[in-house]
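Let me begin by presenting the structure, written as C-alpha cells, before commenting on it.
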Amino acid sequence: MTTFVDRVELHVAAGNGGHGVASVMREKFKPLGGPDGGNGGRGGDVTLVVDQDVTTLLEYHHHPHRKATNGQPGAGDHRAGKNGQDLVLPVPDGTVVMDRKGNVLADLVGQGTTFVAGQGGRGGLGNAALASARRKAPGFALLGEPGEARDIVLELKTVADVALVGFPSAGKSSLISVLSAAKPKIADYPFTTLVPNLGVVTAGSTVYTIADVPGLIPGASQGKGLGLEFLRHVERCEVLVHVLDTATLESDRDPLSDLDMIEAELAQYGGLEDRPRLVVLNKVDIPDGQDLADMIRGDLEERGFRVFEVSAVARQGLKELSYALAEIVAQARAAKPVQEATRIVIRPKAVDDSGFTVTEEADRFYRVRGEKPERWVQQTDFNNDEAVGYLADRLSRLGVEDALLKAGAHTGDGVAIGPEDNAVVFDWEPTMAAGAEMLGRRGEDHRLEAPRPAAQRRRDRDAARDDAEQEYDGFRPF
C-alpha cells in the first residue's frame with residue numbers, strides 16, 4: 001500500500017457567491033416602503049497552508065477533488081447571506097504549487113506560509129444596494145460570482161540541508177539513524193527505503209537537517225527504478241554526501257564506479273553542479289571494508305573530495321563527519337543574502353488604462369475582455385430585462401460602446417464578452433438598450449406605481465391655476 005506520495009494533481013473549486021435578492025418592504029401602512037433585498041454572501045476560498053506535522057501528500061492522492069462552501073443568498077428586510085466557509089488544506093513544508101503546464105505558482109517554505117489556490121466568488125448585490133436617486137426601486141438583483149476552479153499540481157521537495165545519496169544498501173538509512181533521532185526502516189536487501197527520511201542533527205551550535213534520498217541507480221534520471229521520483233528532494237540541499245559501500249557483496253560493483261554512476265545521474269538531472277560534495281566510506285568496521293577504503297582513499301582525494309571513513313554500526317567517525325557537515329551548512333547559510341521584509345509596492349492604474357480590450361476576431365465579430373465586463377456579465381440575470389438594461393448602462397459608462405465604435409463595429413455586428421469557452425454573445429446595437437427600452441424609465445418598479453389620489457389632486461390644482469393665470473394675462477387691459 002502506498003504510504004508516501006510527493007506529487008499529486010489536485011482539483012480545487014472555490015465557493016460560489018450567493019445571489020442578491022430583489023425584495024420590497026411590505027408593512028402595514030407602508031405601501032411604499034422601498035427595496036429591502038439583502039446582498040449574497042461571499043464564497044469560501046481554497047487555501048494551502050504549510051503544516052510541519054504533515055509530511056506527505058497522500059491525503060490528496062486519495063481525495064484529489066476539494067471544494068469550498070458556497071455563500072448563502074440574501075433575504076428581505078436587508079438580511080445579508082452568510083459567507084461560505086474557507087477550505088484550508090495543510091501541505092508539507094517545501095511544497096511547490098504548479099499549474100498543469102508546469103508553471104510555478106508558489107513555493108511554500110516555512111511554517112504557516114499560505115497560498116490561495118482558489119478565490120471565492122463575490123456575493124451579488126441586493127436591490128437595496130442597487131437603489132439610487134434615479135433607480136429608486138430596482139426590480140432586480142445581481143447574481144453571485146462563480147468561484148475560481150482550476151487544476152493544480154503539488155510537488156514536494158524535501159527541505160533539508162544535507163542529502164545522503166548512494167546505491168541501495170549503501171548504509172544511508174543506518175547513517176541517518178545514528179546521526180539523528182530518525183528511525184528509518186533498515187534491512188539487508190535492496191530498496192529497503194521507499195520514502196525520503198529526514199532527521200535533525202546538532203553539532204556544536206549548529207543545527208541542521210539531513211535527508212536520506214533513496215533509489216538512485218543507473219538510469220534513475222530517465223525514470224528507471226525509484227530515483228526519478230526522489231531526485232527532486234535533493235534540489236534544496238546545501239551539500240551532497242556520497243555514501244559508498246566498501247563491503248558490497250556484488251562482484252560487478254566497487255565504490256569508485258558507484259560514485260561515477262551516481263554523479264552521472266545527478267548531472268543528467270541538472271541544477272546540482274554548484275553543490276559541495278563529501279564522500280563517506282561506510283562499513284569500515286568490516287576488515288575487507290577497511291582494506292578497500294585504504295585502497296581508494298587516495299584516488300578520491302585526488303578528485304578533490306573530502307573523505308570520511310565511518311561505520312554506522314560501530315559508530316566510528318561520526319563526530320568528525322557531523323562537524324564537517326555543520327561547517328559547510330553554516331558557511332552556506334552565512335553566504336545567503338539577508339532576507340528583508342517584503343516591501344509593499346503600490347502600482348496605481350495607468351491613466352489610459354480602460355480595464356478592458358476590444359479586438360476584432362473575424363469579419364464583423366468583436367470580443368471584449370476585461371475583469372469588470374466579464375464579472376458584470378456573470379452577475380447579470382438575463383431573464384430580467386431591467387437587469388440587462390442595468391448591465392448595458394454599466395458597460396456604456398465604462399466605455400465599451402465607444403471602444404466598439406472606434407474598432408469599427410456597426411449595428412448588428414456580433415460581440416462576445418468573455419473567453420471563448422464561456423462568453424455571452426449578442427448582436428450589438430449602438431444604443432446598448434438590450435431590450436430595456438420597453439421598461440420606460442429604468443429603475444422604476446411598476447409594482448409600486450399604484451394610483452396616488454393626493455398627488456393627482458395636487459397636479460390638477462396646479463394645472464387649473466396655470467390656466468387661470470394664462471387667461472388673466474390674455475384679458476389684461478392696455
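The values are calculated or read from the model by the stated rules, or taken from the named source; none is laboratory data. Note that the structure is predicted; figures quoted are calculated from it, not measured. Because the Cβ atoms are built from the backbone with ideal geometry, glycine has one as well, and the counts that use them run over all protein chains shown. We work out accessible area using only protein heavy atoms, side chains counted, and drop any ligands, DNA or RNA first. Shrake-Rupley method; radii C 1.70, N 1.55, O 1.52, S 1.80 Å.
In table form, for the structure just shown:
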| quantity | calculated |
| --- | --- |
| Output for region 285-300, where each listed residue is surrounded by 14 or more Cβ atoms within 10 Å (Cβ to Cβ), assigned to a helix (DSSP H, G or I) and not aliphatic (A, V, I, L, M) | 289, 290, 297 |
| Residue within region 17-40 that is in a strand (DSSP E or B), of a type in the set (A, V, I, L, M, F, W, C) and over 28 Å from residue 386 (Cα atoms) present | no |
| Checklist (1) in contact with a helix residue (DSSP H, G or I) (Cβ under 8 Å, 6 or more places away or on another chain); (2) modelled with pLDDT of 80 or more applied to residue 217, failing item | (2) |
| Number of positions in region 41-56 that are surrounded by fewer than 21 Cβ atoms within 10 Å (Cβ to Cβ), in contact (Cβ under 8 Å) with a residue 60 or more places away in the chain and not β-branched (Val, Ile, Thr) | 1 |
| Extreme residue, farthest from the chain's Cα centre (by Cα), among residues of region 56-111 that are polar (S, T, N, Q) and in a loop (DSSP other than H, G, I, E, B) | 72 |
| Selection within region 294-313 - modelled with pLDDT of 85 or more and more than 20 Å from residue 237 (Cβ to Cβ) | 294, 295, 296, 297, 298, 299, 300, 301, 302, 303, 309, 311 |
| Residues being within 30 Å of residue 386 (Cα to Cα) and surrounded by fewer than 20 Cβ atoms within 10 Å (Cβ to Cβ) - total across region 1-16 | 0 |
| Residue check for residue 188: assigned to a loop (DSSP other than H, G, I, E, B), surrounded by fewer than 24 Cβ atoms within 10 Å (Cβ to Cβ), among the acidic types (Asp, Glu) and modelled with pLDDT of 85 or more | no |
| Residues (modelled with pLDDT under 85, among the charged types (D, E, K, R) and assigned to a loop (DSSP other than H, G, I, E, B)) located in region 251-282 | 252, 253, 254, 273, 274 |
| Number of positions in region 262-284 that are crowded, with 17+ Cβ neighbours inside 10 Å and farther than 14 Å from residue 172 by Cβ | 6 |
| Index of the failed condition, residue 292 passing every other in (1) without any contact (Cβ under 8 Å) to a residue 24 or more places away in the chain; (2) within 14 Å of residue 244 (Cβ to Cβ) | (1) |
| Qualifying position, being farther than 29 Å from residue 16 by Cα, open to solvent by 40 Å² or more (accessible area, probe 1.4 Å) and either at pLDDT below 90 or of a type outside the set (Phe, Trp, Tyr) (or both), among 371, 361 | 361 |
| Tally, over region 4-31, of residues that are under 29 Å from residue 96 (Cα atoms) and without any contact (Cβ under 8 Å) to a residue 40 or more places away in the chain | 0 |
| Count - residues of region 1-16 that are in a loop (DSSP other than H, G, I, E, B) and closer than 30 Å to residue 197 by Cβ | 6 |
| Selected residue [in contact (Cβ under 8 Å) with a residue 12 or more places away in the chain, basic (Lys, Arg), outside any loop (DSSP other than H, G, I, E, B) and out of contact with any Lys or Arg (no Cβ under 7 Å at 6 or more places or on another chain)] from 134, 150 | 150 |
